[in-house]
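Q: Structure incoming, see below.
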Amino acid sequence: MKKIMPLFLIIGVVSFSLAGCSGKAEKTQNTTTASTKQEESTVKSNSYTGTLKAAHETKVIPKAKGQIIESNFNVGDKVNEGDLLFLIDDNGLSDTISTTRNSIAKSDLSIATANENLTNLKIFAPASGILHNFNLKVGERVNASKIAEVVDEQTLIAKVPFNESQLSKISIVDQASLTSSEFMASTTGTVTRIYDSRESTIGGSVLRNVEITAYNPGGFKTGLMVNAVIETSSGIVTSPASGEVENSDTTPVVSRGSGNVKSVYVKDGQSISVGQLILEIENSNVNATLQRANLDRNDLDIKLRGLEQDFTDLKISAPTSGKITAKSKNKLDNITSNSESIMTISDINSLILNIDVNENDRSNIKEGADITLKVNDENSSKIIGKVTSVSKTGKLSGGSKIYPIEITVDNKNNLIMPNTSVSISFGGEDNEKKNN
């Protein structure tokens, strides 16, 4: 009489983790024991299930909020670093930037005016010569007006008449000499102007003035009558009548600022040089206006930088190259949070499988060994992975020890997408040969 032995099915469950995420992996152990009259045999197989994940994932987290008006890529598309993924409606932000820039331009004009007013508080000599009619003292009020004059007493100007035939020979910068019969003195100079207006006539000849600028040796005063001799390219020309010495070259000293005299650096009657500082004026309003203008300008700069950054944030670009594996926002959707990812870009050239195996299987797995994975789809296709990490220290789970291992799958052809479910069996023929 034959004895029928009972068949026992033992199913164990272990946990696995992948890319920092927690999940479940199944380990199934089937033991079949059959007794016959000839021989007794035992067959064991251990199987684990997990999910392939991208080796590297980058989350796209927006910095701006608003409605999406452009969405250029979808799940499965490849993107390059810098590609425009989303564009958010600026909601009038560009107009605010334009008006702020206009405000900065106006602020610059205010600063320029304030700086000019500050500069005008210092009065410099407009020419070289002797300072005349300068009587200001420290503490006195100064308005925007003429405060003195600089007289070039070393230079004289004389207007001497010549007739038309002579004028046709005279040119500007011709050398000339002036003679005073009253003082029996003479000096030299140059022709600086030929007048068009008629001044007088002599013997029927029309006379016009010629301006001669010359060095003043000291005896030539305003109103002195002088004669002139001019050396022209056609010869010597002598004036048919006397001319008059006019005022020496006089330049007014004008204050363009107003306030109280702070410092005086020269005295009336003193010889001064062009550009020399004459006096300083103090005016607290001018300084305060410049300070306020600069502060306003700084505030506008800060505001503009913030607005321009906000405008830049409206363009969401790919932070890295890869394939889009997740997307939660589309065109016309609203972004309301700046802390949640709206897209995942993955580097799927390598996929990672992390599983926990029991102690018996751990002893048969070697780092660097090739291993066969079965894709859990209708085709049940197989792919090859490589063991890239084997934990040497296990962890307790349900009274037994399990060991995390990592398997890397080369996916440079991008045929396998992340989140693909795969199974791995230890004790089967394929992986038994690869690990041995």
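The values are calculated or read from the model by the stated rules, or taken from the named source; none is laboratory data. Here the structure is a predicted model, which is why all the values come from computation and not from measurement. Note: ideal-geometry Cβ built from the backbone for every residue, glycine included; neighbour counts use all protein chains shown.
Q: With respect to the numbered conditions (1) closer than 30 Å to GLU116 by Cβ; (2) not assigned by TED's automatic domain parsing to the domain that holds ASP268, which one is the sole condition not fulfilled by ARG198?
A: Here ARG198 clears every test but (1).
Q: Just for region 300-329: of the residues that are closer than 30 Å to ASN419 by Cα and of a type in the set (Gly, Ala, Ser), which one is surrounded by the fewest Cβ atoms within 10 Å (Cβ to Cβ)?
A: My answer is SER328.
Q: Further, regarding this structure: Which of the residues that make up region 59-76 are of a type outside the set (D, E, K, R) and either within 27 Å of the chain's Cα centre (by Cα) or not in a loop (DSSP other than H, G, I, E, B) (or both)? So that I can check it myself, show each step before the final result.
A: The first filter runs over region 59-76 and keeps only residues of a type outside the set (D, E, K, R), leaving 60-62, 64, 66-69, 71-76.
VAL60, ILE61, PRO62, ALA64, GLY66, GLN67, ILE68, ILE69, SER71 - these are the residues of region 59-76 that are of a type outside the set (D, E, K, R) and either within 27 Å of the chain's Cα centre (by Cα) or not in a loop (DSSP other than H, G, I, E, B) (or both).
Q: Which strands (runs of 3 or more DSSP E) sit wholly inside region 128-221 and have at least 3 residues that are out of contact with any Lys or Arg (no Cβ under 7 Å at 6 or more places or on another chain) and farther than 30 Å from ASN283 by Cα?
A: Details: elements: 129-132, 146-152, 155-163, 175-180, 185-202, 205-215.
By residue number, 155-163, 175-180, 185-202, 205-215.
Q: Given the criterion modelled with pLDDT of 95 or more, assigned to a loop (DSSP other than H, G, I, E, B), out of contact with any Asp or Glu (no Cβ under 7 Å at 6 or more places or on another chain) and of a type in the set (S, T, N, Q), identify the matching residue among ASN330, ASN338, ASN379, ASN364.
A: On the way: ASN338 fails: modelled with pLDDT of 95 or more; ASN379 fails: modelled with pLDDT of 95 or more; ASN364 fails: modelled with pLDDT of 95 or more.
On inspection, the qualifying residue turns out to be ASN330.
Q: Counting only residues that are more than 19 Å from SER273 (Cβ to Cβ) and in a loop (DSSP other than H, G, I, E, B), how many does region 105-127 have? I'd like the intermediate steps shown before the answer.
A: Pass one, region 105-127, residues more than 19 Å from SER273 (Cβ to Cβ): 105-121.
Checking the rest, the ones that are also in a loop (DSSP other than H, G, I, E, B) come to 120-121.
Matching residues across region 105-127 total 2.
Q: Okay, moving on. Do any residues in region 276-288 that are more than 13 Å from SER263 (Cβ to Cβ) have Cβ atoms under 6 Å from those of residues that are among the polar types (S, T, N, Q), where the two are at least six apart or on different chains, and which pairs are they?
A: Listed by first residue and then by second, the contacts come to VAL286/ASN117.
Q: Since GLU182 meets every condition but one in (1) out of contact with any Pro (no Cβ under 7 Å at 6 or more places or on another chain); (2) within 30 Å of ASN120 (Cβ to Cβ); (3) of a type in the set (D, E, K, R), which condition does it not meet?
A: For GLU182, the exception is condition (2).
Q: Quick one: which residue in GLY257, GLY223, GLY204, GLY269 is on the phi < 0 side of the Ramachandran plot and either in the same structural domain as SER107 (by TED's automatic domain parsing) or not aromatic (Phe, Trp, Tyr) (or both)? If you could, list the steps in order and put the result at the bottom.
A: Details: GLY223 fails: on the phi < 0 side of the Ramachandran plot; GLY204 fails: on the phi < 0 side of the Ramachandran plot; GLY269 fails: on the phi < 0 side of the Ramachandran plot.
The conditions single out GLY257.
Q: Then there is this: Which one is nearest to ILE335 (Cα to Cα), of the residues in region 70-89 that are crowded, with 17+ Cβ neighbours inside 10 Å and not aliphatic (A, V, I, L, M)?
A: Filtering first and then ranking leaves PHE86.
Q: Determine if region 294-311 includes at least one residue that is assigned to a loop (DSSP other than H, G, I, E, B) and over 16 Å from GLU406 (Cα atoms). Quick ask: steps written out before the conclusion?
A: From region 294-311, those assigned to a loop (DSSP other than H, G, I, E, B) are none; that's our starting set.
For region 294-311, residues assigned to a loop (DSSP other than H, G, I, E, B) and over 16 Å from GLU406 (Cα atoms): absent.
Q: Check THR393 against each of (1) polar (S, T, N, Q); (2) at pLDDT 95 or above; (3) in the same structural domain as PRO418 (by TED's automatic domain parsing) and name the one condition it does not meet.
A: Failing condition for THR393: (2).
Q: Quick one: count up the residues across region 143-172 that are within 17 Å of SER233 (Cα to Cα), of a type in the set (D, E, K, R) and at pLDDT 95 or above.
A: So the count comes out to 1.
Q: Mind listing whichever residues of region 247-285 are exposed (fewer than 15 other Cβ atoms within 10 Å of the Cβ), assigned to a strand (DSSP E or B) and among the small types (Gly, Ala, Ser)?
A: SER263, SER271, listed by residue number.
Q: Return yes when ASN376 is surrounded by fewer than 20 Cβ atoms within 10 Å (Cβ to Cβ) and either in contact (Cβ under 8 Å) with a residue 60 or more places away in the chain or in contact with a strand residue (DSSP E or B) (Cβ under 9 Å, 6 or more places away or on another chain) (or both) and no when it is not. Don't jump to the end; show me each part of the working.
A: Details: surrounded by fewer than 20 Cβ atoms within 10 Å (Cβ to Cβ): yes; either in contact (Cβ under 8 Å) with a residue 60 or more places away in the chain or in contact with a strand residue (DSSP E or B) (Cβ under 9 Å, 6 or more places away or on another chain) (or both): yes.
Yes, satisfied.
Q: Given the residues ILE355, ILE345, which is the only one that is in a strand (DSSP E or B), of a type in the set (Val, Ile, Thr) and under 30 Å from SER317 (Cα atoms)?
A: Values: ILE355 fails: under 30 Å from SER317 (Cα atoms).
Checking each option against the conditions leaves just ILE345.
Q: Looking at this structure, is ILE123 under 27 Å from LEU307 (Cα atoms) and in contact with a Leu (Cβ under 6 Å, 6 or more places away or on another chain)? Quick ask: steps written out before the conclusion?
A: Details: under 27 Å from LEU307 (Cα atoms): no; in contact with a Leu (Cβ under 6 Å, 6 or more places away or on another chain): yes.
Here the answer is no, as ILE123 does not meet what is asked.
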